[in-house]
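Right, one structure below, let's go through it.
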Amino acid sequence: MGQPITVTLPDDIKQSLDDLSRQEGVSPSEVVGRAVRQHLFLRQFRSLRARLSATARGQGINTDQDVFDRVCRSA
């Protein structure tokens, strides 16, 4: 069990949350917890990608094709 928090949502979002929780058969807390976890993961991923992209650009890696070429060359 996690720590309780209070969140205020606009009526339309609250209704959508309730609808989704009923459709999925889980509590609104579960839906919100999943959404927060996903949001935090995406923020962490984007931050890491931005840092790595800067390093890659410094090595002449600018596109997905550049990455693919480097991977294929080293294999």
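Each value in this text was obtained by applying a stated rule to the coordinates, not by laboratory testing. Source: prediction; values computed, not measured. Please note: Cβ atoms are built from the backbone with ideal geometry, for glycine as well, and neighbour counts cover all protein chains shown.
Considering (1) under 17 Å from the mean Cα position of the chain (by Cα); (2) part of a loop (DSSP other than H, G, I, E, B), say which one Met1 fails and leave the rest.
Exception for Met1: condition (1).
List pairs: first in region 1-22 and surrounded by 11 or more Cβ atoms within 10 Å (Cβ to Cβ), second of a type in the set (Ser, Thr, Tyr), Cβ under 8 Å, 6+ apart or cross-chain?
Ser21/Ser27
Please work out which one of (1) surrounded by 10 or more Cβ atoms within 10 Å (Cβ to Cβ); (2) among the small types (Gly, Ala, Ser); (3) assigned to a loop (DSSP other than H, G, I, E, B) is the condition Gly60 fails and give its number.
(1)
Quick check on this structure: which one of Val36, Val31, Val71, Val26 is of a type in the set (A, V, I, L, M), loosely packed, with under 10 Cβ neighbours inside 10 Å, out of contact with any Gly (no Cβ under 7 Å at 6 or more places or on another chain) and on the phi < 0 side of the Ramachandran plot?
Val71
Which residue pairs have Cβ atoms closer than 8 Å, lie 6 or more positions apart in sequence or on different chains, and pair a first residue in region 44-58 that is closer than 17 Å to Val71 by Cα with a second residue that is part of a helix (DSSP H, G or I) and among the charged types (D, E, K, R)?
Ala56/Asp66
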